[in-house]
Every structure is written in C-alpha cells, then in structure tokens.
Amino acid sequence: MQRIVISESMDAPAVALLARDFEVDYRPALCDDAASLARALVGAEAWIVRNRTQVRGAPLEAAARLRVVGRLGVGLDNIDLAACEARGIAVYPATGANADSVAEYVLAMAMILLRGAAYLSTAAVAAGRWPRQMLSQGREVAGKTIGLVGFGSIGRVTARKVAAMGMRVVAFDPVVPADSPAWREHGAEPLPLDELLAAADVVSLHLPLTDATRGLLGEARLARMKPGAILVNSARGGIVDEAALARALVEGRVAGAALDVFDREPLAAGSPLADAPNLILTPHIAGVTLESNERVSAIIAERVAAHLRR
C-alpha cells in the first residue's frame, strides 16, 4: 500500500478519505521536527503540507520514493520546486480554493482600519468611559480606492468583493498584459506600481515571494503611499520590509496596517512590529476558514490520490 505523509493540519474527512486506499501517516506536529519528518518520509510516495513545512533539504532527500507533493494552499515558496522537477515529483497547489477567504480577510481588515480605533474601544466602554468623540473620525470604504498589488486569482476575487462595497479598484501585475480582458472583467484599472501607491487608500498585496518581490515595499515605496493610506498583507511576509513599515506607522506616514504573514513565522521576539501603533497582526490565517479548509483539503486529497493511482 502506498504511503502518504501529512505533516500539517488537514480536514478530517479528507484524511479519512485518503486512509481508505492508502497508508496515511497524519501527524501535524511533524512540521516542527525535521528529524522525525525525515524518518517518516522514508518510503513515502506522497507528502501533503501547508506553509510551515519546508519541502527541501534533508526531509526531501530522505523521501527517495516521493512521487507527489500536495500543498494545502497556493504559495509555493516553502517547496524546492527545482529539486522536485529534477526528480519528477509533481507539485499540486490548491489554486482558487481559499480565494474567497483571503478576499474576505482583506475587506474586513480594510473596513476595520479605515474605521480607525473603533475595534479597540471595548475595554474603555466596559470600564465606563465613553470615547465617542475620539472614535468618530473613522472612514467608510465606499468611494475609496483599493490598490491590488498582484492580480491573480485571489486578487481578482478581492476586486469583485470590494467593488460591491463601492470601492474603486486599481491593480498592478507585471505578468498580466495591459490588454488582458481580465482587467475589464473584474472592474480593475491597471496602473504602474508607484502610481498605484500614490492613488490607493488601501494597498493589498497578492504576490508570490520571489527574488523579484522580496523587499518590494521598502522604505522608498512605503513613502510613496498616499497620506492616510493603510496596508494589508495576506500574501508573503518577505515582500514588506517590516522595520521600515514599523517606522512608517510610528511616524504616521502609513495610517494603519494588517499583517497576516511575516518574514519569519512565528514572529521573532523583539520584532520592531511589536510596538508599532495602528497595527493588526494575525498568524497566517487569512486563507484558513472552516469552509476553505474543507475545500482545500478535499481538492488536494483528490489530486494526490489521482496521481498515485496512475
């Protein structure tokens, strides 16, 4: 019986479905124990991961019989794609399965941050204070401009959702041609990156982490953002210079930010982000909801099983 190693959390029905026809080693904690992971992969034909497992180095070398990797998500920067290709290992991401979840996260963060500090008022109101005047300066999303940096599947779903809330959508994506029908179909205006930063009230990142995108939003580009603008990063942490963003928040050059991803995960102790104001930090969960986990897990279970049956 062919073996599947699952080294991060997966929806239980999908795991059970795989276990009907394959030997399944499901241990979500393996992602934090490289030595145990390498031992588990000896003799395995399939490996299912999320974003924390590193599909490279000793664990990948130990998986001498590996035929397929299933990624419970869409980003592939934790997978050594060149090594997999060289060995004929297929890699399947769950493209599109969590797009609605990420898009809803972006919209929710945009609404919270534009509204200002209202979400922080609970403790004050419960203590008998009434900071109504201070918290009455919030802004609406309707009529604002959102700039999508990256216009792939998640960016396009986000465009549809925010447009329904009355936002103007501009987007930058160097791999989407200016004459692509996708711009018109999703109601977005293509702009060069620096023009987008100057125009957008909300900047939302939807790019993979590559050599070209690492540090894309550093000191200089953060300074080009429109005064009062906010930043939402649900893509990859390395795209934003975290120290530069912290300084921009402290100095008020960026009005607020929501970060779901970080250059190092979990966030390193002593990060400059820890004391930055007007900042929402979440633990890489923008694409993870009950519904999306079911979709992502079911798609990857189906694709991995189909590949092993060939």
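Numbers below:
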item	result
Residue list for segment 45-69, given a label point 7 angstrom along the Cα-to-Cβ vector of residue 310 and an amide N cut-off under 17 Å	45-48, 65-69
Long-range tail of P(r) for segment 11-117 (Cα pairs > 16 Å, %)	64 percent
Segment residue 115-residue 280, extension gain: residue separation times 0.36 nm, minus the distance between their alpha carbons	58.1 nm
Gain in span if fully extended, residue 198 to residue 27, counting 0.36 nm per residue against the direct Cα distance	56.9 nm
Relative contact order of segment 194-268, pairs being alpha-carbon contacts under 8 Å that are 6 or more residues apart, as %	34 percent
Residues whose placed amide H lies under 5 Å from that of residue 232, excluding near-sequence neighbours	203, 204, 205, 258
Two-site FRET efficiency, residue 212 against residue 1, from Cβ-Cβ distance with R₀ of 35 Å, rounded to 0.05	0.25
Kirkwood Rh, angstrom, segment 99-281 [1 / mean 1/r, Cα pairs]	16.7 Å
Reciprocal of mean inverse Cα separation for the chain (Kirkwood radius, Å)	20.8 Å
Theoretical gain in end-to-end length, residue 139 to residue 124 [0.36 nm per residue, Cα-Cα removed]	3.3 nm
Amide H contacts under 5 Å for residue 43, placed H, 5+ residues apart	64, 65
Under the Debye formula (equal points on every Cα, no solvent term), log10 I(q)/I(0) of segment 142-239 at q = 0.13 Å⁻¹	-0.39
Sites residue 91 and residue 247, calculated FRET efficiency, Cβ-Cβ separation with R0 30 Å, nearest 0.05	0.20
For segment 139-191: relative contact order, % (alpha-carbon pairs under 8 angstrom, 6 or more apart)	39 percent
Per residue convex hull volume, Cα atoms of segment 130-169, in Å³	87 Å³
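Since every read-out is calculated from the coordinates, none of them should be taken as a lab result. Because the structure is a prediction, the values reported are computed rather than measured. For neighbour counting, all protein chains shown are included, and Cβ atoms are generated from backbone atoms with ideal geometry for every residue, glycine included.
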